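Before I ask anything, here is the structure I am working with.
The values are calculated or read from the model by the stated rules, or taken from the named source; none is laboratory data. Keep in mind that this is a model prediction, so the values were computed, not measured. Here the Cβ positions follow ideal geometry from the backbone for every residue, glycine too, while neighbour counts run over all protein chains shown. Just so you know, the surface numbers come from the protein's heavy atoms only, side chains and all, with ligands and any DNA or RNA stripped out. Shrake-Rupley method; radii C 1.70, N 1.55, O 1.52, S 1.80 Å.
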Amino acid sequence: QVQLVESGGGLVQAGGSLRLSCAISMSIFGFNELGWYRQAPGKQRQLVATISSSGRVNYADSLKDRFTVSRGNAKNTIYLQMNSLKPEDTAVYYCNARVDAWTDYWGQGTQVTVSS
């Protein structure tokens, strides 16, 4: 069973930065795509950023100037660097690992709270 464990969330003031980590229980090169999603209270889960096995990245249009997704050198970790955080970035952030169109895995999520 693949396990994903997010960390790095917390409380930060507006304008601050956080770096989220997602540790995956197998090599990231076993997945076609890895990504970050978020879900704010009362809202649907939305895409934040993805990175493919070839290294191609994709961001939600509203976030690409402030957020950066990357793979770690350890080959089983991905990161999400979040800068210039805003109160509307407050959400639970989830890591996702996709094998194919029918199979993917989720972490338990990490809370990010941005105070104004």
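I'd like to know if region 3-13 contains one or more residues that are under 29 Å from Ser116 (Cβ atoms), touching a Ser or Thr at 6+ places or on another chain (Cβ under 8 Å), touching a residue at least 60 places away in the same chain (Cβ under 8 Å) and in a loop (DSSP other than H, G, I, E, B).
yes
Follow-up question, since we're still on this one. Checking Arg71 against (1) out of contact with any Ser or Thr (no Cβ under 8 Å at 6 or more places or on another chain); (2) of a type in the set (D, E, K, R); (3) open to solvent by 50 Å² or more (accessible area, probe 1.4 Å), which single condition isn't satisfied?
So Arg71 meets the others, but not (1).
Conditions first: (1) assigned to a strand (DSSP E or B); (2) open to solvent by 30 Å² or more (accessible area, probe 1.4 Å); (3) hydroxyl-bearing (Ser, Thr, Tyr); (4) within 30 Å of Ser116 (Cβ to Cβ). Ser62 passes all but one, so which condition is the exception?
(1)
Here is a follow-up. How many residues are open to solvent by 80 Å² or more (accessible area, probe 1.4 Å) and farther than 19 Å from Ala97 by Cα if we restrict to region 6-43?
Going through region 6-43 one residue at a time, the tally reaches 5.
Here's a follow-up. What pairs come up if the first residue lies in region 87-116 and is in contact (Cβ under 8 Å) with a residue 40 or more places away in the chain and open to solvent by 50 Å² or more (accessible area, probe 1.4 Å), the second is outside any strand (DSSP E or B) and of a type in the set (Gly, Ala, Ser), and their beta carbons are under 7 Å apart, counting only those six or more places apart or on different chains?
If the second residue must be outside any strand (DSSP E or B) and of a type in the set (Gly, Ala, Ser), the pairs left are Pro87/Ala14; Pro87/Ser116; Gln111/Gly9; Ser116/Ala14.
Could you list, in sequence order, all residues of region 37-80 that are aliphatic (A, V, I, L, M) and either under 18 Å from Ser17 (Cα atoms) or over 11 Å from the mean Cα position of the chain (by Cα) (or both)?
Correct list: Ala40, Val48, Ala49, Val57, Ala60, Leu63, Val69, Ala74, Ile78, Leu80.
Within region 61-93, which residues are among the hydrophobic types (A, V, I, L, M, F, W, C) and over 24 Å from Gly30 (Cα atoms)?
Within region 61-93, Leu63, Phe67, Met82, Leu85, Ala91, Val92 meet the criteria.
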